[in-house]
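**Q** Take this structure, written in structure tokens, and hold onto it; I'll ask about it next.
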Amino acid sequence: MAFLHKLASFTSLHSPFNTNNHSLNPRNPISSLNCSNNSTTSSSPFTENHSIERYQRDQWVYNENKFNNQTMSCPFSSDSSSIREDDIALQLPELKKLLQVLKEKRESEGKCSGGKCPPGNVYLVGTGPGDPELLTLKAVRVMKSADLLLYDRLVSNDVLDLVGSDAKLLYVGKTAGYHSRTQEEIHELLLSFAEAGATVVRLKGGDPLVFGRGGEEMDFLQQQGIQVKVIPGITAASGIAAELGIPLTHRGIAISVRFLTGHSRKGGTDPLFVAENAADPDSTLVVYMGLSTLPSLAQKLMHHGLSPQTPAAAIERGTTPQQRIVFAELKDLAENITSAGLVSPTLIIIGKVVELSPLWPITTKENSCLMQAS
């Protein structure tokens with residue numbers, strides 16, 4: 001319960017939701033939410049920080065009485081810290097209530113003794129790159145039986161539609177410049193509900209143990225005596241490469257594949273220090289979260305001997321209906337990504353195997369090709 005105790009001091013007096021200008025639909029207080037985010041939000045297959053879809057999906061956690069005779073605007077502000085704390089403060093009463101309800105449910109089922117319930121299970125579930133048909137049967141089964149699901153930004157909306165009707169959803173996503181929850185707060189949420197005996201599912205895009213911080217969450221919970229089960233998902237590298245017909249390894253062309261993160265934790269080692277060893281013409285390099293660092297990475301790879309003509313691809317929102325692709329030679333990839341306006345999440349694949357895709361331009365001399373997936 002440590003997390004909920006820590007948040008008790010937060011106040012919503014200055015919440016961006018607390019306005020009194022217009023009446024709000026009392027039957028669905030979130031339905032009148034007015035968002036003014038950029039155009040990429042409305043077309044995104046994923047949950048954006050302050051999208052209408054997020055608040056509709058998570059409306060249980062906002063006390064509906066707070067919205068009567070009020071309007072809601074998406075809380076965009078230059079003060080992201082204040083927004084975050086206000087948002088958490090609004091959620092706190094319902095989170096406490098849910099904890100009590102779950103505990104009473106376990107007691108009524110005879111699963112508790114002396115006021116103490118045995119801990120529940122926590123599942124770290126990988127949901128793949130976005131296409132719900134790439135989910136495992138086990139993932140779907142667990143999603144339908146959960147009490148509470150904490151989900152990240154890169155769990156697609158189509159995947160979330162498969163969650164059981166009785167389950168509660170809570171967004172804990174992160175984007176550059178705005179973390180709805182810190183990693184430590186996510187740890188405490190998982191622990192608090194598991195200690196109440198709940199079945200808690202942590203939904204992550206791709207695979208939870210590939211650049212998903214699933215290992216950190218598993219380690220924290222196991223140290224607290226909570227059993228953690230991992231349900232793997234198709235990581236973006238495999239799912240998106242398959243979608244494009246790119247074999248990550250191929251006899252005589254690529255004898256190995258390397259996954260690389262494009263950014264590191266604050267104060268951590270520069271993720272591009274591996275460029276010297278990654279500049280291998282007989283390997284495939286897959287870069288996650290690499291849009292901002294690609295120009296530097298490409299230069300370092302070429303400096304260490306990788307051919308400027310190496311085939312490469314950048315795939316935005318892979319395997320979803322909004323998928324977009326840029327093909328180019330390595331020397332041109334960063335510039336062409338900028339011209340195409342690709343946004344996160346974008347996966348980057350570099351290596352000779354890219355040329356094996358049936359979508360690759362007929363000759364490597366052609367300009368890069370921007371295609372909308374059919």
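**Q** What pairs come out if I take residues in the range 190-201 that are in contact (Cβ under 8 Å) with a residue 12 or more places away in the chain and crowded, with 24+ Cβ neighbours inside 10 Å and pair them with residues that are in a loop (DSSP other than H, G, I, E, B) and of a type in the set (Asp, Glu) whose C-beta lies under 7 Å away, six or more apart or interchain?
**A** The qualifying pairs are Ala198/Asp147; Val200/Asp147.
This table checks each residue for (1) under 23 Å from Gln100 (Cα atoms); (2) in a loop (DSSP other than H, G, I, E, B).
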| site | (1), (2) |
| --- | --- |
| Gly120 | yes, yes |
| Leu124 | no, no |
| Gly130 | no, yes |
| Glu133 | no, no |
| Lys144 | yes, no |
| Leu150 | yes, no |
| Val163 | yes, yes |
| Asp166 | yes, yes |
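**Q** For the range 126-137, does any single residue satisfy the condition of being over 18 Å from Gly214 (Cβ atoms), among the hydrophobic types (A, V, I, L, M, F, W, C) and touching a Lys or Arg at 6+ places or on another chain (Cβ under 8 Å)?
**A** So far as the range 126-137 goes, no, none of its residues is over 18 Å from Gly214 (Cβ atoms), among the hydrophobic types (A, V, I, L, M, F, W, C) and touching a Lys or Arg at 6+ places or on another chain (Cβ under 8 Å).
**Q** Then there is this: Could you tell me which of the residues Phe211, Phe193 is of a type in the set (Phe, Trp, Tyr) and assigned to a helix (DSSP H, G or I)?
**A** Checking each option against the conditions leaves just Phe193.
**Q** Taking Gln223 as meeting all but one of (1) under 24 Å from Leu98 (Cα atoms); (2) free of Cβ contacts under 8 Å to residues at least 12 places away in the same chain, write down the number of the exception.
**A** Tallying (1) under 24 Å from Leu98 (Cα atoms); (2) free of Cβ contacts under 8 Å to residues at least 12 places away in the same chain, Gln223 fails exactly one: (1).
**Q** Now for a separate question. Look through the range 127-145, keep the residues that are out of contact with any helix residue (DSSP H, G or I) (no Cβ under 7 Å at 6 or more places or on another chain) and open to solvent by less than 10 Å² (accessible area, probe 1.4 Å), and return whichever of them is farthest from Lys168 (Cα to Cα).
**A** Looking at residues that are out of contact with any helix residue (DSSP H, G or I) (no Cβ under 7 Å at 6 or more places or on another chain) and open to solvent by less than 10 Å² (accessible area, probe 1.4 Å), I get Gly130.
**Q** Do you know which of the residues in the range 214-244 that are touching a Lys or Arg at 6+ places or on another chain (Cβ under 8 Å) and not in a helix (DSSP H, G or I) is surrounded by the fewest Cβ atoms within 10 Å (Cβ to Cβ)?
**A** Ile231
**Q** When only residues in the range 167-203 that are of a type in the set (D, E, K, R) and closer than 15 Å to Val61 by Cβ count, which is farthest from the chain's Cα centre (by Cα)?
**A** So in the range 167-203, the residues of a type in the set (D, E, K, R) come out as 168, 174, 181, 184-185, 188, 195, 202.
Still in the running and closer than 15 Å to Val61 by Cβ: 168, 181, 185.
Numbers: Lys168: 18, Arg181: 12, Glu185: 16 Å.
Among them, the one singled out is Lys168.
**Q** So which residues in the range 152-161 are surrounded by 22 or more Cβ atoms within 10 Å (Cβ to Cβ) and in a helix (DSSP H, G or I), if there are any at all?
**A** Once the filter is applied, which keeps residues that are surrounded by 22 or more Cβ atoms within 10 Å (Cβ to Cβ) and in a helix (DSSP H, G or I), the range 152-161 yields only Val159.
The values are calculated or read from the model by the stated rules, or taken from the named source; none is laboratory data. Quick caveat, the model's predicted, so the values are computed rather than measured. In this analysis, Cβ positions are derived from the backbone assuming ideal geometry, glycine residues included, and neighbour counts consider all displayed protein chains. To get the accessible areas, we keep the full protein, side chains included, count just its heavy atoms, and leave off ligands, DNA and RNA. Shrake-Rupley method; radii C 1.70, N 1.55, O 1.52, S 1.80 Å.
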